[in-house]
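Some notes on the structure that comes next.
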Amino acid sequence: MINLFSDTQTLPSEGMRAAMANADVGDEQRFEDPTTRALEQRVAELLGHEAAVFLPSGTMCNLIAFRLHVRPGGDEVLVGADAHPLKYESGSPGAVVGAIVTLLAGAHGIFDGDAVRAAVRDPTDRYAPRTRLVSVEQPVGNGGGRVWPLELVHDVLAAAAEHDLRTHLDGARLLNATTATGVSAAAFATDFHTAWLDFTKGLGAPIGACLAGSRQLIDEAWRYKQMLGGAMRQSGIAAAGAWYALDHHVTRLAEDHDNARVLAEGLAALAGIEIDLAAVQTNIVVFSVADAAQFVAALERHGVLMGALDATRVRAVTHLDVARVDVEDALEAATAVAGPA
Ligand SMILES: *Cc1c(COP(=O)(O)O)cnc(C)c1O
């Protein structure tokens, strides 16, 4: 099977497994795990923040960050269309954080400072929820991996600052955005109150994500890590996989982007497939067909896995377990299913 379903399906390489097996470990909860501590320091620096905390998943990063920013009693969080916390986190903003979530208009999950300004509610109006937090997804997972240009990030941050809002960067695939633009991770992340990146997407590690922020916020994040059962023991085994990924799997992300482009251009030439080539900026390719479920099922019979996003849209994701020859084979399978234009 050629697995283009998601970059979450990458398997730890031999080198990564060896690094994990040989990690220096201790009790994370007592700050005695040296590998985890080193990773947290490294990610804090990478993201331009004072401190960071290692967590089991990106979902927990979003949950804890929202909890840090949102006050009890009806605070509102602003997010882009199809934002991960709204679609895929089991309702945690409502169930655990106690926030209401409002979607900001903007194509492909990307919005601007004026959208924030227009959404912010009058804080003196006791009928209204209090707008508190803006969350930006960089790049947008459900927006076909599209990247927010740095100026737009600054535009949104400026609007948030005008209204004294907190800001959060969901950087699950942040290093794909840095690879695509040449802008550093710190330049994208440093001006947010909290920011995180995931090790289990294109970076290819099996477990973990790191949430960064001020020392004070990260100390407070530890309370929730403990409360939610995210505080581990010999977490260095997992942190070593993440460390290895930062050493070995970042520069190669450019290959995934090249493969995604080859895939997108090949698909564009096929009958019944519509694709916006300009939108393919990272390792995610989203395209439209007449019947997404049928297309995905037919491809699977040809040995290629992709995912149906909805009735007509299909998503394919390139990653470190997909070589150029796999992309070529996947295009052959797609040609067999769709037929040449
Ligand atoms: C995958 C993802 C998450 C959640 O991360 P997990 O490690 O899978 O829990 C959050 N936001 C975005 C944009 C993602 O792609």
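The values are calculated or read from the model by the stated rules, or taken from the named source; none is laboratory data. Predicted model, so just to flag it, every value in this text is computed and none were measured. Every residue, glycine as well, gets a Cβ built from its backbone with ideal geometry; the counts of neighbours run over all protein chains shown.
Among the residues here, residue 1 qualifies as of a type outside the set (S, T, N, Q), over 25 Å from residue 85 (Cβ atoms) and outside the structural domain of residue 231 (by TED's automatic domain parsing). Would you tally the residues in segment 11-56 being among the β-branched types (Val, Ile, Thr) and either over 22 Å from the mean Cα position of the chain (by Cα) or not assigned by TED's automatic domain parsing to the domain that holds residue 199 (or both)? Result for segment 11-56: 2. For segment 8-61, filtered to residues that are within 16 Å of the ligand (Cβ to nearest atom) and in a helix (DSSP H, G or I), the residue that is farthest from residue 219 (Cα to Cα) is 9.
Determine, yes or no, whether residue 130 is away from the ligand (no atom under 15 Å from the Cβ) and in contact with an Asp or Glu (Cβ under 7 Å, 6 or more places away or on another chain). Don't jump to the end; show me each part of the working.
Values: away from the ligand (no atom under 15 Å from the Cβ): yes; in contact with an Asp or Glu (Cβ under 7 Å, 6 or more places away or on another chain): yes.
When the stated conditions are applied, residue 130 passes them.
Selection of first residues in segment 216-228 that are modelled with pLDDT of 95 or more and of second residues that are assigned to a helix (DSSP H, G or I) and not polar (S, T, N, Q), restricted to Cβ pairs under 7 Å at least 6 apart or on distinct chains, gives the following pairs, ordered by first then second residue: 217/68; 220/68; 221/64; 221/68; 224/64; 224/67; 225/64; 228/60.
Note on segment 145-241: enclosed strands (runs of 3 or more DSSP E) holding 1 or more residues that are within 16 Å of the ligand (Cβ to nearest atom) and over 22 Å from residue 38 (Cα atoms) are 166-171. Of all positions in segment 63-86, at least one carries a residue that is closer than 19 Å to residue 215 by Cα and outside any helix (DSSP H, G or I).
Exactly one residue out of 162, 137 is of a type in the set (Asp, Glu), out of contact with any Ser or Thr (no Cβ under 6 Å at 6 or more places or on another chain) and farther than 20 Å from residue 64 by Cα, and it is 162.
Among residues of segment 137-162 being among the hydrophobic types (A, V, I, L, M, F, W, C) and under 22 Å from residue 74 (Cβ atoms), the one that is surrounded by the most Cβ atoms within 10 Å (Cβ to Cβ) is 160.
Residue 86 falls short on exactly one of the conditions (1) under 27 Å from residue 249 (Cα atoms); (2) within 14 Å of the ligand (Cβ to nearest atom); (3) not aromatic (Phe, Trp, Tyr), and that condition is (1).
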